[in-house]
Amino acid sequence: MKKQVAIIGGGVSGLASGLKLLEAGFAVTLFARELPPNTTSDVAAAFWYPDGAEPAARVRQWAMVSRAEFLRLTAVPHSGVSLKPAIDLFAKPIAPPDWLDMMEAWEAVSYPPNLYGYRTIVPAIDTPTYMPYLLNQFQSKGGQIVQRQVANLAELAAQFALVVNCTGVWAGELVGDTAVTPIRGQIIRASKPAGLPDEIVHLDAEVYSTYIVPRRSDVILGGSKHRGSWELTPDPELAEDIWRRCLALQPALKDAEILEHRVGLRPGRTEVRLELETLANGKAIIHNYGHGSIGHTLAWGCAAEVVALAKNSR
Ligand SMILES: Cc1cc2nc3c(=O)[nH]c(=O)nc-3n(C[C@H](O)[C@H](O)[C@H](O)COP(=O)(O)OP(=O)(O)OC[C@H]3O[C@@H](n4cnc5c(N)ncnc54)[C@H](O)[C@@H]3O)c2cc1C
């Protein structure tokens, strides 16, 4: 008999964990209040960027495992994963960021009007293609989906041998974890104008980080990182500011047409929580949440660790 596992969460953490558990021989039922295209993971830009979450050594390891999976997915039709040049920009010349050690090749660049940075090649994820692809893969490998709110973990722990908690920013209320906080991100989805280079441009900042992420049939313009805000309605003033910042980085965007404004709540936490908890009644819960700004980057590495923990649980 296959071991029965319940996953809570239909974003990238839940779906990647679910897929890997199915491949490892578990029977998986996924419970989610929201499914693609309505999760935070669908709003993400989303490119591989192994910086900005803790603990650093584990983040690095998860990102490496994910990158290998993304490289495999570039050869899979309709996965939505490709490789793209990406430029990480800074206001003044700085030493190469540590994470560039992980890359096969990179080069220092200057960027008009007076910015400096590093160009490398990273996995780029077209979420309108990738998220439905993950959902479809999960179901075609035998995963069951139940779309509903889960009020408490004990409810599922009574029915399943193992529960995996992938509830993103809502893990805070589900398990009473006060270390979880939303990091609100607003983006513009725009048409791709002729002359827009097919490369990711990223100028990080504490709050007003700016990025331009061309995708298959549109371009994502960002962004913002407002800690503690649960506001899901797009802010028109912030949208204007994002537009202005992106246009300053890439004048070809003047011919872009705004298609949509979206907001997502990144699951901020002092560090990613990926661990096995054994309840008083002996039931096991694996927590996999708190990936902050880089949940796509970490998803496959974390999923591999979820499987290892699941195999070791009673
Ligand atoms: C604007 C923006 C840009 C980003 N860019 C990048 C990027 O370039 N690269 C990158 O790696 N990451 C990026 N991220 C971060 C990334 O999107 C997140 O880290 C990631 O989506 C978190 O995934 P998750 O599956 O843990 O959570 P979510 O996608 O939020 O999924 C949580 C799931 O749990 C469900 N759920 C929650 N509570 C319950 C409950 N009680 N009962 C039932 N279901 C429940 C929800 O309905 C949902 O299905 C970006 C995020 C934003 C907002």
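The values are calculated or read from the model by the stated rules, or taken from the named source; none is laboratory data. From a predicted model like this one, the values you see are computed outputs, not experimental measurements. All Cβ positions, even for glycine, are placed from backbone atoms using ideal geometry, and neighbour counts span all protein chains on display.
Assorted remarks:
- Verdict on Ala252 being in a helix (DSSP H, G or I), touching a strand residue (DSSP E or B) at 6+ places or on another chain (Cβ under 9 Å), at pLDDT 95 or above and surrounded by fewer than 21 Cβ atoms within 10 Å (Cβ to Cβ): no
- Residues of the stretch 280-309 that turn out to be more than 15 Å from the ligand (Cβ to nearest atom) and touching a helix residue (DSSP H, G or I) at 6+ places or on another chain (Cβ under 6 Å), as a count: 3
- Every pair of residues 6+ apart whose Cβ atoms lie under 7 Å, when the first sits in the stretch 220-243 and is modelled with pLDDT under 95 while the second is assigned to a helix (DSSP H, G or I) and surrounded by 21 or more Cβ atoms within 10 Å (Cβ to Cβ): none
- Given (1) modelled with pLDDT of 95 or more; (2) more than 12 Å from the ligand (Cβ to nearest atom); (3) more than 24 Å from His202 (Cα to Cα); (4) not in a helix (DSSP H, G or I), number of the condition Pro85 does not satisfy: (3)
- Members of the stretch 105-163 that are assigned to a loop (DSSP other than H, G, I, E, B), among the polar types (S, T, N, Q) and near the ligand (Cβ under 10 Å from one of its atoms): Gln149, Asn152
- Close pairs from the stretch 137-154: first among the β-branched types (Val, Ile, Thr), partner assigned to a loop (DSSP other than H, G, I, E, B), Cβ under 9 Å, at least 6 apart: Ile145/Gly10; Ile145/Leu35; Val150/Arg33; Val150/Thr167
- Some residue of the stretch 6-24 being more than 18 Å from Ile285 (Cα to Cα), of a type outside the set (Ser, Thr, Tyr), more than 9 Å from the ligand (Cβ to nearest atom) and part of a loop (DSSP other than H, G, I, E, B): no
- Considering residues of the stretch 29-62 that are within 6 Å of the ligand (Cβ to nearest atom) and of a type in the set (Gly, Ala, Ser) only, the residue surrounded by the most Cβ atoms within 10 Å (Cβ to Cβ): Ser41
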